[in-house]
Amino acid sequence: MPTQNTDQFLQRFAAQVPDLRGKRICVGLSGGADSVVLLHVLAALRDTFGLADLSAVHVHHGLNAAADDWQQFCRDYAQRLGVGFSAARVQVDARKLGVEAAARTARYAVFAEQNADFVALAHHRDDQIETFFLAALRGGGLRALSAMPEQRALTEKTVLWRPLLAFSRAEIEQYARDNALVFVHDDSNENPAFLRNWLRGRWLPDLAARLPHYAEHLHSSIALLQEERALLEEVAAQDWQAVRCAQGLHQARWQAFSPARQRQLLHMFARQYGLGAPTAGSLHLWADWLRQAERGEWRLPRGRAVLSYGVLFAVPQDFALSWPWAAQPVQGSLHLAAQQAGLAWQGGVPQGAGCFRAARRDDELPTNIGHKNVFRLLQEKRVPAFVRPFWAVACDENGRCIAVANLRSAPELGQARLIAPDLLPYLPQAA
């Protein structure tokens, strides 16, 4: 039977949620107290909210001997609540990021794959405070100190939602006791070798003994920081529209901004194109370089920023995998194989067989007065050097180059032109 505390908890929870009518919610269910309570609360209120669907996803990291048991616990718990359940087993590569960060990256990749309007996570007020102090101890700026937003875009169609940020750990644990909820215990959360655990278990209790109301005050401070961050990002978004181009940003337009806004734009550039967040020190050095450079590249955690012809292009780590024709030629009829390669013909479709592949340095395209080296053509058309080895060309059945995507065709093709939509951003007119 629900207690008075439970009723108050549910009323308070319901009062601060967005309009969820017809929405699909997927809860990240670890099996710990926080996520067990969150799923229980949403299951209790799903009819009140008018949800279209409520489900849970468990991420099996394979880092604990009890991980299989935790997954089964979550499956059974979701079944008891009448909630759809799925589980994903991930590989955690801790070589570069460390165990915690690598596990988080793998976990959020799973969340991004869910077919839901909201992915709900059970972070609470104490987690928020720990995140703030961790950011401060690591020298974080406004973005880091503002900790976790209640909502943010996870994908184009899915919002990451943290509906328990206004609740303390003690309130959540009390709800679990009042409703006789069982949950799993992860002993790694007590290991003081992890800084967050040390803060939680040793330092923050001492702070609470000295300043009993510090959590409420800090919660208010974080809310103010988030408001200031939202304002900053609104200005940065306007700046971004002024400098952005199809696959990067205009150097000259970027140079017109103040140093602080330049750095914000570079941070947005890296985030927009999935290149990884640069450190504060690296951001300053990157901006210094871009103010003076005429060409070159800047390394980032998950890719490169390449300056070419006045445009800073984003080149993610998997750039070479972006082009279906680059790994191996796509062969067949010039009509059907073009479609398979993600290409198209404009002004006519050549007959016969052939292939589509990446340009080579010795490729020659027939012209009315002889032949034109394809790489020289790309250079003359100001195609950035880093993308030239991936530029699509069409060849006839004898391997002879007959069309260069988006640029030129052999005279024998008449008006037919090969179009590679994904390569258009790398032409000067697109910038």
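The values are calculated or read from the model by the stated rules, or taken from the named source; none is laboratory data. What you are looking at is a predicted structure, and each value in this text was computed from that prediction instead of being measured. All Cβ positions, glycine included, derive from the backbone under ideal geometry; neighbour counts span all protein chains shown.
Quick look at the numbers
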item: Criterion (in the same structural domain as Val184 (by TED's automatic domain parsing), over 16 Å from Trp161 (Cβ atoms) and touching a Ser or Thr at 6+ places or on another chain (Cβ under 8 Å)) met by exactly one of Val90, Val99, Val59, Val119; result: Val59
item: In the range 92-103, residue surrounded by the fewest Cβ atoms within 10 Å (Cβ to Cβ) [restricted to those that are in contact with a helix residue (DSSP H, G or I) (Cβ under 7 Å, 6 or more places away or on another chain) and part of a loop (DSSP other than H, G, I, E, B)]; result: Asp93
item: Listing of helices (runs of 4 or more DSSP H) fully contained in the range 239-327 that carry 1 or more residues being in contact (Cβ under 8 Å) with a residue 40 or more places away in the chain and under 19 Å from the mean Cα position of the chain (by Cα); result: 259-272
item: Scan of the range 332-343 for residues that are touching a helix residue (DSSP H, G or I) at 6+ places or on another chain (Cβ under 6 Å) and either surrounded by fewer than 19 Cβ atoms within 10 Å (Cβ to Cβ) or without any contact (Cβ under 8 Å) to a residue 40 or more places away in the chain (or both), ordered by number; result: Gly342
item: In the range 104-153, residue farthest from Leu195 (Cα to Cα) [restricted to those that are of a type in the set (Val, Ile, Thr) and either within 17 Å of the chain's Cα centre (by Cα) or not in a helix (DSSP H, G or I) (or both)]; result: Val119
item: Any chance Ala43 is surrounded by 15 or more Cβ atoms within 10 Å (Cβ to Cβ), small (Gly, Ala, Ser) and either in a helix (DSSP H, G or I) or under 26 Å from the mean Cα position of the chain (by Cα) (or both); result: yes
item: Residue within the range 23-35 that is over 27 Å from the mean Cα position of the chain (by Cα) and closer than 26 Å to Asp186 by Cα present; result: yes
item: Test: residue in the range 70-81 that is assigned to a helix (DSSP H, G or I), under 21 Å from the mean Cα position of the chain (by Cα) and surrounded by fewer than 17 Cβ atoms within 10 Å (Cβ to Cβ); result: no
item: Strands (runs of 3 or more DSSP E) lying entirely in the range 333-431 (those with 1 or more residues that are at pLDDT 95 or above, of a type in the set (S, T, N, Q) and under 25 Å from Gly296 (Cα atoms)); result: 370-373
